[in-house]
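The values are calculated or read from the model by the stated rules, or taken from the named source; none is laboratory data. None of these values were measured; they are calculated from a predicted model. So basically every Cβ, Gly included, is an ideal-geometry build from the backbone, and we count neighbours across all protein chains shown. Protein only, heavy atoms only, side chains kept; ligands, DNA and RNA dropped before computing areas. Shrake-Rupley method; radii C 1.70, N 1.55, O 1.52, S 1.80 Å.
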Amino acid sequence: MSRLPLRVRLVAGFVIAMLVLLTAAGAFVYWRVEYALDRGLDTDLDQATATIAPLVDASTGTVTSTDAANATGAGWQVLDQNGELLDQGGPVDTTAMVRPDELADVGSDPLTKDLGSLLPGTDRPYRIHVSAVGADGPFLLVAVRRNHRDEALRELLLQLSLAGLGALAVAALVGDLLARAALRPVERYRRSAEEISAGATGLRLDVPEGRDDEVTRLGHTLNDMLAAQERSLEHERRFVNDASHELRTPLTLLKSRLQLARRRARSVQEHEQVLDELSVDVGRLTDLAAQLLVLGSNRPDGSETTELNRAVATIVDRRRLADPDQADQLSIELSPEPVPAAIDPHSLERVVTNLVENAFTHGLTPVRVRVSGVEGASPTEHWAVVEVEDAGHGIEPELLEAATQRFTRAPDARSRPGAGLGLALVEQIVVALGGELRLCSRGMHVSHGTPTPYVCVHVDLMTATVIIPADQA
């Protein structure tokens, strides 16, 4: 069955279910009709027995009035204990109709049985009733023919069989039509999927409007999946193109420097100078590769909690030690209360470090870092806020919306270090945590991620604000 087409299996299952149902219904009807017919015959047997039994002489086993016994219309026999025929009358044979061993079972309860089979028909279709006459007397056997009863049952079997076969044929036809109609959209989806797998782009499954069933919901889900895949492919294609473009420049510089270094013989001091220049270019490539790896790594899930005051203070102190010349240009303002945040320390370090480095590279000093907590719309909703503000002129309004896209940089920032991946990395981490990255410049506010109830206060200077859930446990 598993190798058959789905439509055939559906029709077969439908027909088998109908067969079981029709067989059960037919058996019930046949049993009720047979019961009614047998009950009518038993009534005739009881009446004949009640008439003939008083006429049997218990001592001789003969019927005192044969005409009265035959007037019942039933056949009758009187048998002794050994099954020998003592007397008989009516339309029955002259041989005993029951065996001696069957007479041994007749006691206080009479014996009722059928002689001859229903299928195939027989010449002696009798229903007999055997009862004892007296305590030790002979046995009275009364029989009536079952011709009409058997003929009615055979006709009933024929009609039930014909009706059942007709019903199964109709059920198979209707089941096939229903299966075809139900699977037609699936086949249409399959053909569309085949075209898409062959390279067609922009195709969508043809889902009927105004319907809401399992197949149409499947079509909508597959269309959503196709759209998500196309967006993902387009995103990856754009990312690869941008990454190739960004890598081309430092690689071209490395190649040019190597070619220039080989044009003439150089002193050791000149070779060391060339190696220093190459080291700077290799370092930029290493940083770019590291950022690309981070962007492609697993996103945080917010299962860990970090206290922001202590963690951000540690990150700022580490930045001051790494660049003592600008240590006095980096300040921090902590919250008077502990601020737990649903973020792991490593992801928090990436976020704060990227924002601080972005402020020093593309903004103006001094740079200020603020940590605070904000209450949400409900008593159980709390948010943790980290603001990084610099004294630069900010980002142009038309660039503020696209600032978090990978490799996006302002024209005047292309001469400065960086590849335009810092804010993209921060947005990826914050959005994965269900938070918000808000960029404010020249009085404009652009939100990336889930909007939060935090209200920006410092709007004159360039500010990057990270708002993440304070607790998700």
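Taking the criterion of being more than 30 Å from residue 86 (Cα to Cα) and not small (Gly, Ala, Ser), would at least one residue in the range 125-144 satisfy it? Scanning the range 125-144 turns up no residue that is more than 30 Å from residue 86 (Cα to Cα) and not small (Gly, Ala, Ser).
Within the range 260-280, how many residues are assigned to a loop (DSSP other than H, G, I, E, B) and not hydroxyl-bearing (Ser, Thr, Tyr)? Outline the logic, then answer.
Step one: of the range 260-280, the residues assigned to a loop (DSSP other than H, G, I, E, B) are 262-267.
Remaining after also requiring not hydroxyl-bearing (Ser, Thr, Tyr): 262-266.
Looking only at that region, the number is 5.
Here's a check for you: in the range 4-47, which residue that is of a type in the set (S, T, N, Q) and more than 46 Å from the chain's Cα centre (by Cα) is most open to solvent (accessible area, probe 1.4 Å)?
Within the range 4-47, the match that is most open to solvent (accessible area, probe 1.4 Å) is 47.
When we screen 373, 363 for residues that are of a type outside the set (A, V, I, L, M, F, W, C) and touching a Phe, Trp or Tyr at 6+ places or on another chain (Cβ under 8 Å), the only hit is 373.
Between 169, 193, 152, which is assigned to a helix (DSSP H, G or I), in contact with a Leu (Cβ under 7 Å, 6 or more places away or on another chain) and surrounded by fewer than 17 Cβ atoms within 10 Å (Cβ to Cβ)?
152
Only one of the numbered conditions (1) open to solvent by 50 Å² or more (accessible area, probe 1.4 Å); (2) under 28 Å from residue 12 (Cα atoms); (3) part of a helix (DSSP H, G or I) is violated by residue 211, and that is (3).
Checking residue 32 against (1) at pLDDT 95 or above; (2) within 24 Å of residue 102 (Cβ to Cβ), which test does it fail? Single failed check for residue 32: (2). In the range 287-300 there is at least one residue that is outside any helix (DSSP H, G or I), surrounded by 17 or more Cβ atoms within 10 Å (Cβ to Cβ), at pLDDT below 85 and under 50 Å from the mean Cα position of the chain (by Cα). If you go through the range 324-341 and keep only what is within 30 Å of residue 305 (Cβ to Cβ) and either open to solvent by 90 Å² or more (accessible area, probe 1.4 Å) or more than 55 Å from the chain's Cα centre (by Cα) (or both), you end up with 327, 333, 336, 337, 338.
Residues that are open to solvent by 30 Å² or more (accessible area, probe 1.4 Å) and assigned to a helix (DSSP H, G or I) within the range 426-468 comprise 427, 431, 432, listed in sequence order.
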